[in-house]
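The values are calculated or read from the model by the stated rules, or taken from the named source; none is laboratory data. Source: prediction; values computed, not measured. As a convention, Cβ positions derive from the backbone with ideal geometry for all residues, glycine included, and neighbour counts pool all protein chains shown.
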Amino acid sequence: KGWEHHDGALYDPETDRLNTFPLFRRTMRMAKLEDTVVPLVAPSEVVSKGWATPLAMVFIDGGHGLEPALTDYRLWAPRVMPGGILAIHDVFPDPKDGGRPPYEIYRMALASNLFEEEKAVKSLRLLRRLG
């Protein structure tokens, strides 16, 4: 609450936080991806500790604070396999359009020379991991 981009429709009064998981599940059902996409709902620090499998796609759509965005990037970008996709949501080059941290991690990924931009769809950036 109180955040500039707070969406009351996603607010869960029981937890006093935003809850996008029902929307995610509906989207996966509509896209017929429920048998393909395996959601893991936990903080990045928790899930990444035991993760060893290279990933064909990582979709970062997390917190817009600098620390949460950097944590997601640092923990998950290295796990994208060569040829795989790193997708970052809410990338706004113009600061008046949205928060800066997703844009900053997008710039970090490009500056690493490990990723190149594949496609931009509205605020979503798709980066391919170079081999």
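This table checks each residue for (1) touching a residue at least 60 places away in the same chain (Cβ under 8 Å); (2) in contact with a His (Cβ under 6 Å, 6 or more places away or on another chain); (3) closer than 14 Å to ASP61 by Cβ.
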position: GLY83; (1), (2), (3): no, no, no
position: GLY98; (1), (2), (3): yes, no, yes
position: LYS119; (1), (2), (3): no, no, no
position: LYS122; (1), (2), (3): no, no, yes
position: ARG125; (1), (2), (3): no, no, yes
position: GLY131; (1), (2), (3): no, no, no
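The set of residues in region 100-112 being under 27 Å from LYS49 (Cβ atoms) and either aromatic (Phe, Trp, Tyr) or touching a Leu at 6+ places or on another chain (Cβ under 9 Å) (or both) consists of PRO101, GLU104, ILE105, TYR106, MET108, ALA109. Tallying residues that are in contact with a strand residue (DSSP E or B) (Cβ under 9 Å, 6 or more places away or on another chain) and among the hydroxyl-bearing types (Ser, Thr, Tyr) within region 9-43 yields 1. The set of residues in region 93-131 that are more than 15 Å from TRP76 (Cβ to Cβ), aliphatic (A, V, I, L, M) and over 17 Å from the mean Cα position of the chain (by Cα) comprises ALA111, LEU130. Filtering region 16-45 to residues that are of a type in the set (Ser, Thr, Tyr), surrounded by 12 or more Cβ atoms within 10 Å (Cβ to Cβ) and farther than 23 Å from LEU70 by Cα leaves only THR27. If we scan region 1-13, do we find a residue that is at pLDDT 95 or above and either part of a loop (DSSP other than H, G, I, E, B) or touching a Phe, Trp or Tyr at 6+ places or on another chain (Cβ under 8 Å) (or both)? No - not one qualifying residue is present in region 1-13. Across region 79-89, the qualifying residues are those that are surrounded by fewer than 22 Cβ atoms within 10 Å (Cβ to Cβ) and under 14 Å from the mean Cα position of the chain (by Cα), and the one among them that is nearest to TRP51 (Cα to Cα) is ARG79. Has region 36-59 got any residue that is β-branched (Val, Ile, Thr), under 18 Å from PHE115 (Cβ atoms), in contact with a Leu (Cβ under 9 Å, 6 or more places away or on another chain) and touching a residue at least 40 places away in the same chain (Cβ under 8 Å)? Within region 36-59, none of the residues are β-branched (Val, Ile, Thr), under 18 Å from PHE115 (Cβ atoms), in contact with a Leu (Cβ under 9 Å, 6 or more places away or on another chain) and touching a residue at least 40 places away in the same chain (Cβ under 8 Å).
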